[in-house]
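Scroll down for the structure; my scribbles are underneath it.
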């Protein structure tokens, strides 16, 4: 039996949000969800994200269009995004949630907090709201954020993504093939079906 596909994402990425909302339904079987630090991926790849370049405004309008087309809530752009909103807090919380089998429910709640409700995830209280939606106890999450095991897990997933050649998020890995972008989920599904 082939290994399951892997869905790499970062909460600061609106394209990751769009992909998260449909990846489990698009692929023939739900992938493994792995939060990664996109900042570290960018540094390793020597890249600048589209959101910090001239593609920023057209990219934002495209994300809004896709969200509306899919019946998602209107995108709320938080002041300071993306430079001032990147945080390891929600990524660590997702790594903690994985230990309880709650990665998907926590991640979807966190994405919705950020992109649908406009609540920054660098604020731990907003992360705890997402955790509560996933039935994770706030005190356990707060403690988990600081554990070496959670920090090591996030670093291991980020390092694994970099070693596989991931240079952007969202990326779905199917075996040795990488499918980067919300618009590549159907290609990933086809590869996973083959």
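The values are calculated or read from the model by the stated rules, or taken from the named source; none is laboratory data. Model, not experiment: these values are computed from the prediction. In this analysis, Cβ positions are derived from the backbone assuming ideal geometry, glycine residues included, and neighbour counts consider all displayed protein chains.
Taking the criterion of being in contact with a helix residue (DSSP H, G or I) (Cβ under 6 Å, 6 or more places away or on another chain) and part of a helix (DSSP H, G or I), the residues of region 1-17 that qualify are 14, 15, 17.
For residue 166, indicate whether it is at pLDDT 95 or above, touching a strand residue (DSSP E or B) at 6+ places or on another chain (Cβ under 9 Å), at negative phi and surrounded by 15 or more Cβ atoms within 10 Å (Cβ to Cβ). Yes; evaluated as a whole, the condition is true for this residue.
Looking only at region 43-76, count how many residues are touching a residue at least 60 places away in the same chain (Cβ under 8 Å), in a helix (DSSP H, G or I) and more than 21 Å from residue 118 (Cα to Cα). Number of matching residues: 2. In this structure, does residue 139 turn out to be more than 19 Å from residue 12 (Cβ to Cβ) and out of contact with any helix residue (DSSP H, G or I) (no Cβ under 8 Å at 6 or more places or on another chain)? So residue 139 fits the description; yes. Within region 18-41, work out how many residues are outside any loop (DSSP other than H, G, I, E, B) and in contact (Cβ under 8 Å) with a residue 24 or more places away in the chain. Counting residues in region 18-41 that are outside any loop (DSSP other than H, G, I, E, B) and in contact (Cβ under 8 Å) with a residue 24 or more places away in the chain gives 14.
Tell me, please, whether a residue that is surrounded by fewer than 17 Cβ atoms within 10 Å (Cβ to Cβ), touching a helix residue (DSSP H, G or I) at 6+ places or on another chain (Cβ under 9 Å) and either closer than 30 Å to residue 193 by Cα or at pLDDT below 95 (or both) can be found in region 71-81. Within region 71-81, not a single residue is surrounded by fewer than 17 Cβ atoms within 10 Å (Cβ to Cβ), touching a helix residue (DSSP H, G or I) at 6+ places or on another chain (Cβ under 9 Å) and either closer than 30 Å to residue 193 by Cα or at pLDDT below 95 (or both).
Selection within region 103-119: residues that are more than 14 Å from the chain's Cα centre (by Cα) and at negative phi. The member of this set that is surrounded by the most Cβ atoms within 10 Å (Cβ to Cβ) is 119. Of everything in region 1-12 that is surrounded by fewer than 24 Cβ atoms within 10 Å (Cβ to Cβ) and either closer than 14 Å to residue 183 by Cβ or in contact with a strand residue (DSSP E or B) (Cβ under 7 Å, 6 or more places away or on another chain) (or both), the residue that is modelled with the lowest pLDDT is 4. Would it be correct to say that residue 34 is modelled with pLDDT of 95 or more and over 15 Å from residue 171 (Cβ atoms)? No: the conditions fail for residue 34.
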